[in-house]
Amino acid sequence: MAASYQPSKSDKFTFGLWTIGNPGRDPFGEPVRPPLKPHEIVKIVGELGGYGVNFHDNDLIPIDASASERDSILRDFKKALDDHGVCVPMATTNLFSDPIFRDGAFTSNDARVRAYALQKTMNAMDLGASLGAKTYVFWGGREGTEVDASKDPRDGIKHFRDALNFLCEYSNDQGYGLRFALEAKPNEPRGDIYFATTGNYLGFIETLDHPEMVGVNPEVAHETMAGLNFFHAVGQALEAGKLFHIDLNDQRPGRYDQDFRFGSESFKICFFLVKLLEDSGYEGPRHFDAHAYRTEDLEGVKAFAAGCMRTYLILKEKAERWNADKEIQDLLAAIKREDPELESLCRGYSAEKAKALKARAFDRKEICRHPLQYERLDQLTCEVIYGVR
Ligand code: DIG
Ligand code: MN
Ligand code: MN
């Protein structure tokens with residue numbers, strides 16, 4: 001029977017409240033869609049087959065909400081979660097919208113702002129943990145500069161490290177069991193954002209007091225904006241055991257952060273990404289940090305969300321086809337040249353191994369005669385993606 005590509009809870013598809021709830025505002029235009037309340041977004045995600053929703057603190061509770069407004073919002077939100085069997089795997093803090101963060105949050109030049117950012121994040125962690133979140137994302141959208149005369153980059157790193165060390169201790173102190181996932185972006189809304197790529201964060205994590213609690217949340221659009229191969233970035237995060245969460249969307253290179261529907265632009269990268277997530281046994285949410293085109297009405301937004309999940313499932317089936325394709329697998333087997341004896345010589349240093357390796361003769365011309373057949377391999381891969389294999 002032909003696959004239905006119908007999402008189920010076991011696919012762990014999640015959406016941020018800010019994605020389906022995006023009203024279509026952009027730097028050059030006002031909102032084009034009426035706002036949706038959190039419980040209305042939960043209903044849409046549930047009806048489309050989604051697994052969970054995520055939120056910034058102020059996506060759920062407006063920054064100046066009264067206690068009674070907060071209680072009412074939370075009551076409706078929790079009821080919708082129950083009614084539609086939707087969970088909250090991840091939460092995060094909005095440390096970028098309020099004017100107080102105009103020059104950063106944890107890396108602000110103003111100690112009062114840095115302290116307020118910590119306070120706001122602790123409160124947001126309380127909220128997220130109370131709703132079941134087990135992953136906490138940090139996207140430092142305002143942590144950066146336009147004027148490098150204003151800050152020594154080393155100070156920014158130190159302030160960010162102090163904040164994360166403090167918040168790791170807070171999570172432990174509260175018994176939340178949260179895992180932190182750091183999300184990189186090279187620029188926008190700041191001229192340059194600190195920790196521009198996932199690689200920056202992978203290096204930074206090892207300098208923290210609790211590196212075991214901290215991983216990364218790579219986003220397709222952000223690494224692509226930096227001109228990088230997202231498949232490689234996720235590969236490094238997975239290999240380091242640090243892929244704690246992931247932001248799926250799509251992006252054309254050399255443009256502002258487009259956050260397009262997943263798989264709508266970079267077919268090959270998204271194919272290899274889905275194949276890597278599935279082949280690796282990644283068990284985290286497949287989170288879509290994306291939004292519908294500004295042209296869309298509510299039905300268009302639903303088509304956007306359904307399209308994200310459907311495309312992921314289509315690419316998952318293509319990955320299964322690729323893995324099962326005998327011609328492709330035979331090609332890979334012919335291309336790779338393993339040599340256990342040589343490999344044992346090159347791993348686990350000893351003076352004897354070094355001496356033997358230095359004495360080994362290599363026939364460069366003979367080695368170059370080994371065919372690589374990448375044109376054929378890539379053609380077959382494209383044919384799987386195009387749907388003719
Ligand atoms: C933007 O890509 C960021 C914010 O939307 C949020 O903090 C994070 C969560 O995935 N992604
Ligand atoms: Mn983005
Ligand atoms: Mn994101």
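The values are calculated or read from the model by the stated rules, or taken from the named source; none is laboratory data. It should be emphasised that the depicted structure is a prediction, and the values quoted were computed from it without experimental measurement. Here the Cβ positions follow ideal geometry from the backbone for every residue, glycine too, while neighbour counts run over all protein chains shown.
At a glance:
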| read-out | value |
| --- | --- |
| Some residue of the range 148-160 being at negative phi, away from ligand 1 (no atom under 16 Å from the Cβ), of a type outside the set (S, T, N, Q) and surrounded by 21 or more Cβ atoms within 10 Å (Cβ to Cβ) | yes |
| So residue 281, is it surrounded by fewer than 22 Cβ atoms within 10 Å (Cβ to Cβ) and either under 17 Å from the mean Cα position of the chain (by Cα) or on the phi > 0 side of the Ramachandran plot (or both) | yes |
| Residue ID - surrounded by the fewest Cβ atoms within 10 Å (Cβ to Cβ), chosen from residues in the range 1-26 that are within 16 Å of ligand 3 (Cβ to nearest atom), more than 16 Å from residue 246 (Cβ to Cβ) and not hydrophobic (A, V, I, L, M, F, W, C) | 21 |
| Unique residue being within 16 Å of ligand 1 (Cβ to nearest atom) and under 19 Å from residue 138 (Cα atoms) when the list is 286, 261 | 286 |
| Matching residues in the range 166-187 - criterion: being part of a loop (DSSP other than H, G, I, E, B) and either more than 14 Å from ligand 2 (Cβ to nearest atom) or surrounded by fewer than 17 Cβ atoms within 10 Å (Cβ to Cβ) (or both) | 175, 176, 177, 178, 187 |
| Residue list for the range 220-255, restricted to those being closer than 16 Å to residue 136 by Cβ and either out of contact with any strand residue (DSSP E or B) (no Cβ under 9 Å at 6 or more places or on another chain) or of a type in the set (Asp, Glu) (or both) | 247 |
| Test result for residue 280, small (Gly, Ala, Ser) and either without any contact (Cβ under 8 Å) to a residue 24 or more places away in the chain or away from ligand 2 (no atom under 15 Å from the Cβ) (or both) | yes |
| Counted residues, the range 217-240 - those being of a type in the set (D, E, K, R), closer than 20 Å to residue 309 by Cβ and more than 13 Å from ligand 2 (Cβ to nearest atom) | 0 |
| Elements of type helices (runs of 4 or more DSSP H) in the range 315-366, at least 2 residues being within 30 Å of residue 383 (Cβ to Cβ) and not assigned by TED's automatic domain parsing to the domain that holds residue 271 | 326-335 |
| Residue within the range 87-94 that is in a loop (DSSP other than H, G, I, E, B), away from ligand 1 (no atom under 16 Å from the Cβ) and at pLDDT 95 or above present | no |
| The range 28-48 residues that are farther than 24 Å from residue 61 by Cβ, paired with ones that are of a type in the set (Phe, Trp, Tyr) and surrounded by 15 or more Cβ atoms within 10 Å (Cβ to Cβ) (beta carbon under 9 Å, 6 or more apart) | 48/13; 48/15 |
| Among the residues listed as 249, 200, the single one being away from ligand 1 (no atom under 15 Å from the Cβ) and not hydrophobic (A, V, I, L, M, F, W, C) | 200 |
| Filtered residues of the range 27-41 (kept if surrounded by 14 or more Cβ atoms within 10 Å (Cβ to Cβ) and acidic (Asp, Glu)) | 40 |
| From the options 243, 248, residue that is crowded, with 24+ Cβ neighbours inside 10 Å, within 13 Å of ligand 2 (Cβ to nearest atom) and modelled with pLDDT of 95 or more | 248 |
| Matching entry among 222, 232 (being free of Cβ contacts under 8 Å to residues at least 40 places away in the same chain and surrounded by fewer than 22 Cβ atoms within 10 Å (Cβ to Cβ)) | 232 |
| Condition met for residue 52 (within 21 Å of residue 310 (Cβ to Cβ), small (Gly, Ala, Ser), surrounded by 15 or more Cβ atoms within 10 Å (Cβ to Cβ) and modelled with pLDDT of 95 or more) | yes |
| Residues of the range 315-331 that turn out to be surrounded by fewer than 17 Cβ atoms within 10 Å (Cβ to Cβ) and among the aliphatic types (A, V, I, L, M), as a count | 1 |
